[in-house]
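The block underneath contains the structure these notes are about, expressed in structure tokens.
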Amino acid sequence: GESVGLHLPTLSVQEGDNSIINCAYSNSASDYFIWYKQESGKGPQFIIDIRSNMDKRQGQRVTVLLNKTVKHLSLQIAATQPGDSAVYFCAENTAGNNRKLIWGLGTSLAVNP
Amino acid sequence: GAVVSQHPSWVICKSGTSVKIECRSLDFQATTMFWYRQFPKQSLMLMATSNEGSKATYEQGVEKDKFLINHASLTLSTLTVTSAHPEDSSFYICSAIKGGGTDTQYFGPGTRLTVL
């Protein structure tokens, strides 16, 4: 079946560096993508989203890039902080899919002080 | 805002008992809520989609008589794990869609269920 996958299961960065978390998706019909952050023992927290008619969207310290040609999604975190340590999930939504999300496997981000 | 709460945050019960988990949207009305379970170091697994005033739609392999879902109002959905067994121990998370044309799901903090 179609799924969303991640290139890197774990990522370790130094505090202050920029982080890039990647995600590949296989459903070319997906039109909405979301990044979530999940800290241990908590529910996922919405970070940023992007629709398929865009290729870049910026938030506070975060940027999401969408490359529909190669079905690739990335999350960039600027000046990574210890509080950014968490598991990051990408998710996709396909129009007509009853608003269900297809989830990636998750990338664990560890920020070293 | 878009705040979703869950109650309880954790529960321990004996095998054979039933446990009810509540999911509430605190500052918005949610016509659609979702229930997930998550095992350690794994992604979220959708169990069912809950629409206010109608029966829930369950994912393949999820027993509807085992996991009873009630979405009685626009701000409350409940998941009841009936006759719980140790294999039902998991982290249960709900989410809600704010509506107004957006598909963004906002998640509750999760409920840790441990069945002894």
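The values are calculated or read from the model by the stated rules, or taken from the named source; none is laboratory data. Being a predicted model, the structure only gives us computed values, none of them experimental. Positions of Cβ are generated from backbone atoms using ideal geometry, with glycine treated the same way; all protein chains shown enter the neighbour counts. Heavy atoms of the whole protein, side chains included, go into the accessibility calculation; ligands, DNA and RNA do not. Shrake-Rupley method; radii C 1.70, N 1.55, O 1.52, S 1.80 Å.
Structure data summary
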{"item": "Any hit, segment A:4-19, residues being at pLDDT below 95, hydrophobic (A, V, I, L, M, F, W, C) and open to solvent by less than 10 Å² (accessible area, probe 1.4 Å)", "result": "yes"}
{"item": "Strands (runs of 3 or more DSSP E) wholly inside segment B:76-116 that include at least 3 residues being farther than 19 Å from B:THR57 by Cβ", "result": "B:90-99, B:102-107, B:111-115"}
{"item": "Residue in segment A:80-93 that is more than 22 Å from B:PRO40 (Cα to Cα) and assigned to a loop (DSSP other than H, G, I, E, B) present", "result": "yes"}
{"item": "Conditions (1) aliphatic (A, V, I, L, M); (2) away from chain A (no Cβ under 14 Å); (3) open to solvent by less than 30 Å² (accessible area, probe 1.4 Å); number of the one not met by B:ILE93", "result": "(2)"}
{"item": "Filtered residue count, segment B:31-56, keeping only those that are touching an Asp or Glu at 6+ places or on another chain (Cβ under 7 Å), assigned to a loop (DSSP other than H, G, I, E, B) and among the hydrophobic types (A, V, I, L, M, F, W, C)", "result": "0"}
{"item": "Restricting segment A:28-55 to residues that are facing another protein chain (nearest Cβ under 9 Å) and either assigned to a loop (DSSP other than H, G, I, E, B) or aliphatic (A, V, I, L, M) (or both), the residue that is surrounded by the most Cβ atoms within 10 Å (Cβ to Cβ)", "result": "A:PRO44"}
{"item": "Residue tally, condition surrounded by 15 or more Cβ atoms within 10 Å (Cβ to Cβ) and either more than 15 Å from the chain's Cα centre (by Cα) or among the aliphatic types (A, V, I, L, M) (or both), over segment B:46-85", "result": "12"}
